[in-house]
Amino acid sequence: MGGWHMFLHKDRVEILEGTQMKNKILAVFLGAAGLLLVSGPVLAHHGRSNYDVTSTATVKGTVTDFEWVNPHALIHLDVTGENGNVEKWIAETNSPNTLSRQGWSKNTVKIGDEITLVGHRVKGGGNYINFSKITFADGRVLTPAIQN
């Protein structure tokens, strides 16, 4: 029979049952692949569950790096702890896209800036904070969130 699975009759076209089953399997596979492509970004975002949102933390330090990267911009800073030792901290905020709509740019925070951050510390007490307000030494106050 070769590779053909259709038979032409005088008044109808007959498709063999095996071909119909292959088409159904292909349709299911393509549908599942399409669903995975659409739902991937939804599963990728982790939310705020890793932060202690029951309390607010304040961190004051000197900026050592500012990463204008997706999915979240990061500020690295040196913070002098209660014992006088310098601790390395990372502060996470919104995406560059969201920040730019608030007037931020990759030059808003500079290495050497003295800043105070207010936000939620990561659960477990690590030196990582998701901040909602930044205050610069000159008194400027910025928020990373979109204000309505």
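Beta carbons closer than 7 Å, at least 6 apart along the sequence or on distinct chains, pair a first residue in region 51-66 that is modelled with pLDDT of 95 or more with a second that is surrounded by 15 or more Cβ atoms within 10 Å (Cβ to Cβ) and not in a strand (DSSP E or B) for Val63/Val109; Val63/Asp113; Phe66/Val109. The residues listed here are Lys110, Lys106, Lys123; of these, the one that is in contact (Cβ under 8 Å) with a residue 40 or more places away in the chain, loosely packed, with under 15 Cβ neighbours inside 10 Å and out of contact with any strand residue (DSSP E or B) (no Cβ under 7 Å at 6 or more places or on another chain) is Lys106.
Summed over region 82-98, residues that are over 11 Å from Lys60 (Cβ atoms) and touching a strand residue (DSSP E or B) at 6+ places or on another chain (Cβ under 9 Å) total 7.
Among residues of region 116-141 being of a type in the set (Lys, Arg) and assigned to a strand (DSSP E or B), the one that is nearest to the chain's Cα centre (by Cα) is Arg121.
The values are calculated or read from the model by the stated rules, or taken from the named source; none is laboratory data. Predicted model only: the values in this text are computed from it and were never measured. FYI the Cβ positions are ideal-geometry reconstructions off the backbone, even for glycines, and counts take in every protein chain you see.
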